Amino acid sequence: MHHFHYSNQNLHCESVDLAAVARLYGTPTYVYSATTIGENYRRLADCLPGLDVGICYAVKANSNLAVLRHLHNLGAGFDLVSQGEIRRVLAVGGDLSRSVFAGVGKSEDEIRLALASGIMAFHVESEPELARINHVAGTMDCVAPVAIRINPDVDARTHAKITTGKSGNKFGIPLAQAERVHEALGKLKHLRLRGVQMHIGSQLTEVAPFVDAVGKAAPFVAELKQGHDLEYFSIGGGLGVVYHDALASGRAEWWNVQAAGQRPLTPETYGAALAPLLKPLGLKILLEHGRFITANAGVLLSRVEYLKRSEGKNFLVIDAAMNDLVRPAMYESWHDIVPLQRDTSRRALIADVVGPICETSDCFAKDRQLQELGEGELLAIMSAGAYGFSMASRYNSRPLPAEVIVKGSTFELINARESTEQMLANEKVPTFLRG
């Protein structure tokens, strides 16, 4: 659920009229609902009653400092995958002793920074990585906390580009090899085993793959616990969110589930299915969700530049582009698109909603039915709070968009729109090319 709704035919985020945000800060602009983020976080934190649960928010979903500070205030730790993400969390006073460092390509500098900052554990994805962490810890005269990331070879039934738990994916250590890796770890004196981790993919809309993966991993976890002071089992993230008809009902689901007529997978259903498998382990359970917390908490505001009518085809050209929100171009993903001012008296328009970038893939929706909109009118691309700004680029030399956060009737700019001067600041023409 979320806090975007129409009031007097004007789209609001909580109690703020989004047209007022667009007038003040321009477009394209991301807007986030602090209340929605908080409610989504609490639903996850409460979904496994009777278990000791820790939330490590996946920073890659939305790494704005205000979002991170909000989640830190709520009690979250963080799931980190780069030096930059570590420094962002440190900048907001985040607690790295409740945070984990994942990713298949950790550099020595990143490992060194994470150790110096008191990271709870490295989620290790290969034997060479074990050796590297052991070496860096040795040079720092310390013992590095690690967890083995296993790959349970489970089909997450999600988009091929965001699945991570199959044997052909680059992530994790195959379950059949995990024992060998465990033995190798025992010979490295600068490492200490704290846990086991897995993550099978993103935007999962059924509970069965989660159950299958935990069922496969649990015996290995229980076996490890017998010989080690194991502290936690992280089951990763991946809980899917509503993209279709999110504004209208909050009860439709991503395209494959909507087509099947199923209800969305909720944290409550997810927790009820997994709790019986997790309780016998007697360990702390970590959840590493990002999309579920922030996706439906954000929208991207945009302005219509032109309504272009062609033979047999209409194009609604807007000022947002694939550099601002790449998901539709990269994943063929659906986002609801709605007017900021709803007018039911207008006739319907069927059009492709496209951006100004010189790529055919710069398209947010094909043959989408909307109310007829004209030049200068405003619209919102819904469910854009995850993998929106965090994946934005400067393609076509377009400055990065602005970001705003809302709480009740208050809103504040949390990231000013990038200027052309800022975009060019680190570049220079070398002396030998100057006339």
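Annotations for the structure displayed:
- Candidate set from segment 193-215 (those that are of a type outside the set (Val, Ile, Thr) and either part of a loop (DSSP other than H, G, I, E, B) or surrounded by fewer than 17 Cβ atoms within 10 Å (Cβ to Cβ) (or both)); member that is modelled with the lowest pLDDT: 202
- Strands (runs of 3 or more DSSP E) enclosed by segment 1-51 - at least 1 residues per element that are at pLDDT below 95 and more than 23 Å from the chain's Cα centre (by Cα): none
- Among the candidates 84, 93, 50, 103, the residue that is more than 30 Å from residue 340 (Cα to Cα) and either touching a strand residue (DSSP E or B) at 6+ places or on another chain (Cβ under 9 Å) or of a type in the set (A, V, I, L, M, F, W, C) (or both) is uniquely 103.
- Selected residue [outside any helix (DSSP H, G or I) and either more than 30 Å from residue 238 (Cα to Cα) or of a type in the set (A, V, I, L, M, F, W, C) (or both)] from 286, 277: 286
- Within segment 339-365, tally of residues that are crowded, with 20+ Cβ neighbours inside 10 Å and of a type in the set (A, V, I, L, M, F, W, C): 5
- Residues of segment 309-353 that are assigned to a helix (DSSP H, G or I) and touching a residue at least 60 places away in the same chain (Cβ under 8 Å): 327, 330, 331.
- Residue list for segment 56-76, filter: of a type outside the set (Phe, Trp, Tyr) and not in a helix (DSSP H, G or I): 56, 58, 62, 63, 64, 75, 76
- Residue in segment 126-141 that is among the basic types (Lys, Arg), under 16 Å from residue 55 (Cα atoms), in contact (Cβ under 8 Å) with a residue 12 or more places away in the chain and part of a helix (DSSP H, G or I) present: no
- The number of residues in segment 366-375 that are surrounded by 14 or more Cβ atoms within 10 Å (Cβ to Cβ) and assigned to a strand (DSSP E or B) comes to 3.
- Some residue of segment 177-189 being over 26 Å from the mean Cα position of the chain (by Cα), over 26 Å from residue 278 (Cβ atoms) and at pLDDT 90 or above: yes
- Filter pass, residue 151 being at pLDDT below 95, surrounded by 20 or more Cβ atoms within 10 Å (Cβ to Cβ) and of a type in the set (S, T, N, Q): yes
- Meets criteria (of a type outside the set (A, V, I, L, M, F, W, C), at pLDDT below 95 and either surrounded by 15 or more Cβ atoms within 10 Å (Cβ to Cβ) or on the phi > 0 side of the Ramachandran plot (or both)) for residue 95: yes
- Qualifying position, being in the same structural domain as residue 187 (by TED's automatic domain parsing) and modelled with pLDDT under 95, among 131, 144: 131
- Number of the condition not met by residue 39 [criteria: (1) acidic (Asp, Glu); (2) surrounded by 18 or more Cβ atoms within 10 Å (Cβ to Cβ); (3) closer than 26 Å to residue 245 by Cα]: (2)
- Filtering segment 97-112 to residues that are within 16 Å of the chain's Cα centre (by Cα) and either assigned to a strand (DSSP E or B) or of a type in the set (A, V, I, L, M, F, W, C) (or both) leaves 100, 101, 102.
- Restricting segment 77-92 to residues that are not in a strand (DSSP E or B) and not β-branched (Val, Ile, Thr), the residue that is surrounded by the most Cβ atoms within 10 Å (Cβ to Cβ): 85
The values are calculated or read from the model by the stated rules, or taken from the named source; none is laboratory data. The structure displayed is predicted, hence computed values, not measured ones. Note that each Cβ is placed from the backbone with ideal geometry, even for glycine, and that neighbours are counted across all protein chains shown.
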